[in-house]
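What follows is a set of notes on a single structure, which appears directly below.
The values are calculated or read from the model by the stated rules, or taken from the named source; none is laboratory data. None of the values given here were measured: they were computed from a predicted structure. Please note: Cβ atoms are built from the backbone with ideal geometry, for glycine as well, and neighbour counts cover all protein chains shown.
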């Protein structure tokens, strides 16, 4: 008897979640399909029921993780666009985020920037562009920031989280996050 569509969707989500976590730990190049599937308790054959390549899985895992971020969610109606961006910025540049609570695929997969797989590179870039577009959508309603401002903010906050993940001293982490929160807030209209 064939699996139900619901079962197949749940299996796919299980693979995507596991893959994202493995990519975060080891990067695109450091993970094999066999490892990914073993982590899910599935076979390599099950992989090909959902994906044609590791690069396709990477793309889909990035999309899956990005769609689970607060930035991808709808803004609560009781918050202004400025309040929403302020809250998002504070959560992004927080110790909880640095420690992996709801990890941003861009900051947690920053080591994959230099990979040699074009499809995976495009997936990373598209996630970056999506982040910029979402921030711009909110910011343009209350400030005169432009695309260059948004690019500098996103590059700074992604880099800040990536660097903070490697620092050992808690005071240094807090200082870095606070400095970037202040600079990004200024660029985003004083949030």
(message) assigned by TED's automatic domain parsing to the domain that holds residue 174 and in a helix (DSSP H, G or I): is that true of residue 125 in this structure?
(response) yes
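Residue-by-condition table, conditions (1) under 17 Å from residue 127 (Cα atoms); (2) part of a loop (DSSP other than H, G, I, E, B):
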| residue | (1), (2) |
| --- | --- |
| 34 | no, no |
| 39 | no, no |
| 50 | no, yes |
| 60 | yes, no |
| 65 | yes, no |
| 76 | no, yes |
| 84 | no, no |
(request) Run down 131, 156 and say which single residue is within 25 Å of residue 24 (Cβ to Cβ), surrounded by fewer than 18 Cβ atoms within 10 Å (Cβ to Cβ) and touching a helix residue (DSSP H, G or I) at 6+ places or on another chain (Cβ under 9 Å). (result) 156
(message) What's the number of the only condition in (1) in a helix (DSSP H, G or I); (2) farther than 25 Å from residue 80 by Cβ that residue 166 fails to meet?
(response) (1)
(request) Those residues that are in contact with a helix residue (DSSP H, G or I) (Cβ under 7 Å, 6 or more places away or on another chain) and touching a residue at least 12 places away in the same chain (Cβ under 8 Å), I need them from region 25-41; list them, please. (result) 27, 28, 31, 33, 35, 36, 37, 39, 40
(request) Would you mind finding the one in 80, 53 that is surrounded by 12 or more Cβ atoms within 10 Å (Cβ to Cβ), in the same structural domain as residue 151 (by TED's automatic domain parsing) and out of contact with any helix residue (DSSP H, G or I) (no Cβ under 7 Å at 6 or more places or on another chain)? (result) 80
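This table checks each residue for (1) within 22 Å of residue 125 (Cα to Cα); (2) in a loop (DSSP other than H, G, I, E, B); (3) modelled with pLDDT under 95; (4) not assigned by TED's automatic domain parsing to the domain that holds residue 104.
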{"position": "145", "(1), (2), (3), (4)": "yes, yes, yes, no"}
{"position": "150", "(1), (2), (3), (4)": "yes, no, no, no"}
{"position": "153", "(1), (2), (3), (4)": "yes, no, no, no"}
{"position": "156", "(1), (2), (3), (4)": "yes, no, no, no"}
{"position": "160", "(1), (2), (3), (4)": "yes, no, no, no"}
{"position": "171", "(1), (2), (3), (4)": "no, no, no, no"}
{"position": "174", "(1), (2), (3), (4)": "no, no, no, no"}
(request) Considering every residue within region 4-23, establish whether at least one is in contact (Cβ under 8 Å) with a residue 12 or more places away in the chain, touching a helix residue (DSSP H, G or I) at 6+ places or on another chain (Cβ under 9 Å) and assigned to a loop (DSSP other than H, G, I, E, B). (result) no
(message) Quick check on region 101-115: of everything there that is touching a residue at least 40 places away in the same chain (Cβ under 8 Å) and not in a helix (DSSP H, G or I), which residue is farthest from residue 184 (Cα to Cα)?
(response) 115
(message) When you scan region 67-76, do you find a residue that is out of contact with any strand residue (DSSP E or B) (no Cβ under 8 Å at 6 or more places or on another chain), touching a residue at least 60 places away in the same chain (Cβ under 8 Å) and farther than 19 Å from residue 191 by Cα, even just one?
(response) yes
(request) Go through region 1-23 and count every residue that is modelled with pLDDT under 90 and either touching a strand residue (DSSP E or B) at 6+ places or on another chain (Cβ under 9 Å) or closer than 26 Å to residue 99 by Cα (or both). (result) 0
